[in-house]
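What follows is a short report on a single structure.
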Amino acid sequence: MPLSSTKYIFVTGGVTSSLGKGIVSASLAKILQSRGLNVTIQKLDPYINVDPGTLNPYEHGECYVTEDGAETDLDLGHYERFLNIQTSQNNNVTTGKIYQTVINRERNGDYLGKTVQVIPHITNEIKEHILKLGKGKDYDVVITEIGGTVGDIESLPFIESIRQLKWDLNQDVLFIHLTLIPYLSTSGELKTKPTQHSVKALLEYGIQPDILVCRSEYHLDDSIRNKIALFCNVEKECVIESIDAKTIYEVPILMLKEKLDTVVCEKLKIKIENKPSLTKWKKFLNNLYNPKHSIEIALIGKYVELKDSYISIAESLIHAGARNKTKVNLHWIHSSKLETQDCESVLKNIHGIIVAPGFGSRGIEGKIKAVHYARTKKIPFLGICLGMQCAVVEFARNVLEMENANSIEIDSETKFPVISMMEQQKKLKKMGGTMRLGAYKCDIEKGTLLHNIYKKETILERHRHRFEFNNKYVKEFESKGLIFSGKNSKNQLMETIEIKEHPWFIGVQYHPEYKSTVENPHPIFLGLIEAGLKQSL
Ligand code: GLN
């Protein structure tokens with residue numbers, strides 16, 4: 001039975017960024033879900049980009065794509081992976097999107113001659129957006145994570161909006177503040193002052209946090225908890241320790257031990273009898289911590305210095321590895337490195353190669369070399385999006401002898417444009433939100449490796465690209481043993497490739513990594529781990 005009204009939890013961050021607000025929010029959502037509540041999460045990002053789709057991964061890490069085609073913050077990936085639910089356009093909003101809506105309304109004359117201001121127009125738009133997610137959905141709890149750190153100029157309208165919502169919704173709102181308790185090695189002490197200041201900053205904006213989640217390298221003893229409670233006006237039970245964890249997947253268990261779920265339910269007057277049930281989650285952790293095998297997987301990409309750029313791929317490998325009781329040692333290899341170094345020296349002990357998605361020409365020849373190595377040495381291979389396009393180019397150049405074949409994204413003059421721009425993309429001028437985005441149907445040919453992997457004839461997978469296989473060359477590729485195992489029948493797009501004479505060689509135009517969760521590891525990654533295991537024997 002759903003609760004009589006939806007409860008709203010707002011999570012803010014203080015002291016520094018990168019405290020893991022996304023993981024704490026996702027963990028709280030997970031433990032509430034494990035007690036039978038219907039929970040969703042959203043992220044409010046204070047930057048002015050309308051969405052992160054146009055951002056370079058070096059800025060904010062991976063751009064995560066939802067089923068309905070929104071380009072979103074990577075925290076949404078954590079939400080889906082933890083909760084095993086799907087998020088949507090409405091789960092992520094930026095300052096840019098809010099202002100765009102308000103300015104469009106102003107141009108339409110919707111404000112009837114009024115001066116348009118941050119308060120109330122921007123804040124009303126923010127509040128409307130927060131509430132929209134829960135409308136008509138029977139959510140018991142909506143958790144809203146506010147990006148940035150309290151005190152940032154750009155997050156002020158968001159903070160003001162949630163302050164107002166407390167008054168609009170009265171009992172149904174709870175504020176959680178995530179903060180840092182640093183350890184000073186010179187005095188051998190944990191320090192609470194930054195937290196006190198951070199809470200003061202929130203109080204200046206009219207928000208009294210109900211619960212403090214304190215990130216720390218060391219356990220918080222009673223005296224520290226009492227001190228924080230006293231100085232920050234919260235009950236001692238509401239000072240929750242969030243100690244550095246072995247993996248992000250441990251955090252829900254740590255939050256349960258700290259009774260975060262109990263305190264939240266008490267504060268929000270949620271009466272539930274159910275004990276948390278995390279059987280599947282614990283089984284996953286048990287497998288993760290007690291692997292029986294280990295394999296080496298190489299991820300070839302051009303943003304490997306910032307691991308967040310490929311976070312969904314890395315997490316998918318963890319899910320699939322745990323399911324196979326296998327520790328996956330991931331080697332992050334810069335594609336440019338392969339342009340100057342011999343593949344053998346870099347990839348010799350590797351049991352599986354992934355060529356990552358991406359845009360532009362930097363490091364592309366390194367990626368193509370990696371495909372060549374995987375194909376000819378018969379090493380399990382997964383090419384994702386640009387990675388599949390590189391596999392097509394490699395096959396064209398080295399098997400079909402199409403000299404300098406390429407994707408027109410990389411060489412618009414190539415004599416053999418084996419990857420070309422999709423028809424509907426040719427007329428587009430704007431960059432933001434104009435790729436082929438979100439879930440599309442793909443029909444799988446029976447008897448193929450892909451069919452064996454999915455054990456299904458139709459799948460829905462998420463896309464983010466402008467270029468595609470050039471159908472003019474289908475026959476030539478097929479005649480030399482390349483198989484188009486998955487197609488979009490509606491507009492004849494070749495969605496996947498594989499190679500007959502290879503134990504496990506898959507290229508996918510879509511992104512399987514967006515759909516892997518702890519409870520449902522993705523079949524493609526499961527397949528890659530199994531093939532890698534065979535290779536390692
Ligand atoms: N740059 C390629 C395209 O636009 C691949 C995109 C990707 O890897 N996500 O088609």
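The values are calculated or read from the model by the stated rules, or taken from the named source; none is laboratory data. The structure displayed is predicted, hence computed values, not measured ones. Glycine also receives a Cβ, built like all others from the backbone with ideal geometry; neighbour counts cover every protein chain displayed. These area figures cover heavy atoms from the full protein model, side chains too; ligands, DNA and RNA do not enter into them. Shrake-Rupley method; radii C 1.70, N 1.55, O 1.52, S 1.80 Å.
Shape summary of segment 406-466, radius of gyration then Dmax from alpha carbon positions: 15.2, 41 Å. For the residue pairs K21/K193; K307/K415; K127/K257; K246/K367; K132/K302, alpha carbon separations beyond 28 Å are given by K307/K415; K127/K257; K246/K367; K132/K302. How big is the charge dipole of the chain about its Cα centre, in debye rounded to the nearest 20, if each Lys and Arg gets +1 on its Cβ and each Asp and Glu gets -1 on its Cβ? Dipole of the chain, to the nearest 20 debye: 880 debye. On full extension, the segment bounded by H331 and L428 gains 31.2 nm, given 0.36 nm per residue less the C-alpha separation. In this structure S489 has an accessible area near 60 Å², from a 1.4 Å probe over the protein heavy atoms.
Excluding G22 itself, what net charge comes from residues whose Cβ is under 10 Å from its Cβ, given Lys and Arg +1 and Asp and Glu -1? Value of the local net charge: -1. The angle between the Cα long axis of helix 123-132 and the main principal axis of the chain comes to about 70°, on a 0 to 90 degree scale. The apolar share of the surface of segment 30-158, taken as the fraction of accessible area on carbon and sulfur atoms (1.4 Å probe, ligands and nucleic acids excluded), comes to 49 percent. Solvent exposure of the chain, expressed per residue, is 43 Å² of accessible area, with all protein chains present and a 1.4 angstrom probe. When nucleic acids and ligands are ignored and a 1.4 Å probe is applied, H319 ends up with an accessible area of around 0 Å².
Round to a whole angstrom and tell me the spacing of the C-alpha centers of segment 383-400 and segment 206-226. The two parts, judged by their Cα centres, are 52 Å apart. Using +1 at the Cβ of each Lys and Arg and -1 at the Cβ of each Asp and Glu in the chain, identify which of V173, Y510, G20 lies farthest towards the dipole's positive end. Selected residue: Y510. Treating each Cα of segment 263-354 as an identical point scatterer and summing with the Debye formula, the log10 of I(q)/I(0) at q = 0.19 Å⁻¹ comes to -0.91.
If you take the Cα centroid of segment 35-104 and the Cα centroid of segment 247-299, the two points sit 23 Å apart. Working note: Debye formula, equal point scatterers on the alpha-carbon atoms of segment 188-309, no solvent; log10 I(q)/I(0) at q = 0.09, 0.12, 0.14, 0.22 Å⁻¹ is -0.40, -0.66, -0.82, -1.27.
Summing +1 for each Lys or Arg and -1 for each Asp or Glu among the other residues whose beta-carbon sits under 14 angstrom from that of T115 gives 0. With a sphere of radius 14 Å drawn around the Cβ of L533, what net charge do the other residues whose Cβ falls strictly inside it have (Lys, Arg +1; Asp, Glu -1)? Once all neighbours under 14 Å are counted, the net charge is +3. In the chain, the alpha-carbon atoms span a convex hull of 172 Å³ per residue.
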